[in-house]
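First up is the structure itself, then whatever we jot down about it.
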Amino acid sequence: MLIPSIDLMGGRIVQLVQGETLKLAFDDFAYWIQRFERYPLVQLIDLDAAMRQGSNAALVDQIARRLPCQVGGGIHSVEKAMAMLAAGAKRVIIGSALFDPALSGAAEPAGAENSAARRSGVNLDFARALEAAAGAERLVFSVDTKQGRVAVKGWKDRVDLTAEDAIAALEPFCAAFLYTHIDKEGTMQGFPLDVARRLRGITRRQLIVAGGIREQGEIDALDAIEVDAVAGMAVYSGILAT
């Protein structure tokens, strides 16, 4: 399944290369909303909120009421997640708040449960609280990697944790995982299928991948192994038909 992506920054729809370099920008929201109306799911990300440099909350609310969206970007509390769902999001995407670089490699707290995961930087207490409040079926946990390690805070920082370790720790608490291969993001150089196969083998949850996807053949290959695909740059460049 193809999931088109709407990334918001500075009040516009944008596409970045590897989360850093602005490549494309649009402000014709009605056009893209109409283009995406036939999809069962659209991914909507507030990049300003994710990078902790602002918010596109009004646009998020507007689009989430028009399209069936899973919404992410700067959702760092149970209250914010629940507010987003109340505003019309079908599911919420949680990323950075699930990982704490301060826990990575830290000494085991006395009497702590799941200490191995805590030492790796996974905030299991937050994952449990989200699941209790929203229900696993409305949660998508974002596990994005840069040079093999989980990246957080708008992909500016990294945690000493692999995607495999993160997914294994968080498996009980969500309905889906979103994995972004940041090294390929926005490049249209193709998503590494070997990574998709490896991740598919370690989780029973819905697996959605992003990063470098260029053509329908890739989406079909991913679909064959029960992996869904998010595409942005190829869609907005007109290379991938929608």
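The values are calculated or read from the model by the stated rules, or taken from the named source; none is laboratory data. Computed from a predicted structure; not experimentally measured. In this analysis, Cβ positions are derived from the backbone assuming ideal geometry, glycine residues included, and neighbour counts consider all displayed protein chains.
Please specify each residue of region 189-201 satisfying the condition of being farther than 18 Å from Leu139 by Cβ and surrounded by fewer than 21 Cβ atoms within 10 Å (Cβ to Cβ).
Gln189, Gly190, Pro192, Leu193, Asp194, Val195, Arg197, Arg198, Arg200, Gly201
Could you please give the count of residues in region 20-49 that are crowded, with 20+ Cβ neighbours inside 10 Å and either at positive phi or of a type in the set (Val, Ile, Thr) (or both)?
2
From Glu215, Glu185, Glu164, Glu171, which residue is buried (at least 23 other Cβ atoms within 10 Å of the Cβ) and either of a type outside the set (S, T, N, Q) or out of contact with any strand residue (DSSP E or B) (no Cβ under 8 Å at 6 or more places or on another chain) (or both)?
Values: Glu215 fails: buried (at least 23 other Cβ atoms within 10 Å of the Cβ); Glu164 fails: buried (at least 23 other Cβ atoms within 10 Å of the Cβ); Glu171 fails: buried (at least 23 other Cβ atoms within 10 Å of the Cβ).
Sole residue among the options that is buried (at least 23 other Cβ atoms within 10 Å of the Cβ) and either of a type outside the set (S, T, N, Q) or out of contact with any strand residue (DSSP E or B) (no Cβ under 8 Å at 6 or more places or on another chain) (or both): Glu185.
Is it the case that region 177-193 has a residue that's over 30 Å from Asp27 (Cα atoms) and either polar (S, T, N, Q) or out of contact with any Leu (no Cβ under 8 Å at 6 or more places or on another chain) (or both)? Quick ask: steps written out before the conclusion?
Step one: list which residues in region 177-193 are over 30 Å from Asp27 (Cα atoms), which gives 192-193.
Narrowing the set further to residues that are either polar (S, T, N, Q) or out of contact with any Leu (no Cβ under 8 Å at 6 or more places or on another chain) (or both) leaves 192.
Yes.
Given the conditions (1) modelled with pLDDT of 95 or more; (2) within 23 Å of Gly211 (Cβ to Cβ); (3) charged (D, E, K, R), which single one is not true for Glu131?
The one condition Glu131 does not meet is (2).
Going by the structure shown, is Val42 in contact (Cβ under 8 Å) with a residue 40 or more places away in the chain and closer than 19 Å to Gly186 by Cβ? Quick ask: steps written out before the conclusion?
Details: in contact (Cβ under 8 Å) with a residue 40 or more places away in the chain: no; closer than 19 Å to Gly186 by Cβ: yes.
Judged against the criteria, Val42 is not a match.
Would you confirm, using the coordinates I've provided, whether Asp27 is in contact (Cβ under 8 Å) with a residue 12 or more places away in the chain and over 27 Å from Asn123 (Cα atoms)? Talk me through it step by step, then tell me what you get.
Values: in contact (Cβ under 8 Å) with a residue 12 or more places away in the chain: yes; over 27 Å from Asn123 (Cα atoms): yes.
Yes: the conditions hold for Asp27.
Tell me, yes or no, whether region 187-194 has at least one residue that is touching a helix residue (DSSP H, G or I) at 6+ places or on another chain (Cβ under 6 Å) and β-branched (Val, Ile, Thr).
no
Select from region 144-171 the residues that are free of Cβ contacts under 8 Å to residues at least 24 places away in the same chain and outside any loop (DSSP other than H, G, I, E, B) and list them in ascending order.
First, the residues of region 144-171 that are free of Cβ contacts under 8 Å to residues at least 24 places away in the same chain: 148-149, 162.
Result: Arg149, single match.
Out of the residues in region 172-195 that are touching a residue at least 40 places away in the same chain (Cβ under 8 Å) and among the acidic types (Asp, Glu), which is farthest from Ala231 (Cα to Cα)?
Asp183
Check Leu22, Leu16 and return the single one that is in a strand (DSSP E or B), out of contact with any Gly (no Cβ under 9 Å at 6 or more places or on another chain) and at pLDDT below 95. First the steps, then the outcome.
Numbers: Leu16 fails: out of contact with any Gly (no Cβ under 9 Å at 6 or more places or on another chain).
Testing whether each residue is in a strand (DSSP E or B), out of contact with any Gly (no Cβ under 9 Å at 6 or more places or on another chain) and at pLDDT below 95 leaves just Leu22.
The rows are residues; the columns are (1) buried (at least 19 other Cβ atoms within 10 Å of the Cβ); (2) closer than 16 Å to Ala176 by Cα; (3) at pLDDT 90 or above; (4) of a type outside the set (Lys, Arg).
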{"site": "Gln70", "(1), (2), (3), (4)": "yes, yes, yes, yes"}
{"site": "Leu98", "(1), (2), (3), (4)": "yes, yes, yes, yes"}
{"site": "Ala107", "(1), (2), (3), (4)": "no, no, no, yes"}
{"site": "Ser120", "(1), (2), (3), (4)": "yes, no, no, yes"}
{"site": "Asp125", "(1), (2), (3), (4)": "no, no, yes, yes"}
{"site": "Arg138", "(1), (2), (3), (4)": "yes, yes, yes, no"}
{"site": "Ser142", "(1), (2), (3), (4)": "yes, yes, yes, yes"}
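Go through Ala229, Ala210, Ala234 for me and flag whichever is in contact with a Lys or Arg (Cβ under 7 Å, 6 or more places away or on another chain) and surrounded by 18 or more Cβ atoms within 10 Å (Cβ to Cβ).
Details: Ala229 fails: in contact with a Lys or Arg (Cβ under 7 Å, 6 or more places away or on another chain); Ala210 fails: in contact with a Lys or Arg (Cβ under 7 Å, 6 or more places away or on another chain).
Residue meeting the stated conditions: Ala234.
For residues in region 208-242 being under 19 Å from Leu22 (Cβ atoms) and in a loop (DSSP other than H, G, I, E, B), which is nearest to the chain's Cα centre (by Cα)?
Ranking the qualifying residues of region 208-242, first place goes to Gly211.
Is there a residue being over 23 Å from Gln15 (Cβ atoms), in contact with a Leu (Cβ under 7 Å, 6 or more places away or on another chain), of a type outside the set (D, E, K, R) and touching a residue at least 40 places away in the same chain (Cβ under 8 Å) anywhere in region 197-207?
No, every residue in region 197-207 fails to be over 23 Å from Gln15 (Cβ atoms), in contact with a Leu (Cβ under 7 Å, 6 or more places away or on another chain), of a type outside the set (D, E, K, R) and touching a residue at least 40 places away in the same chain (Cβ under 8 Å).
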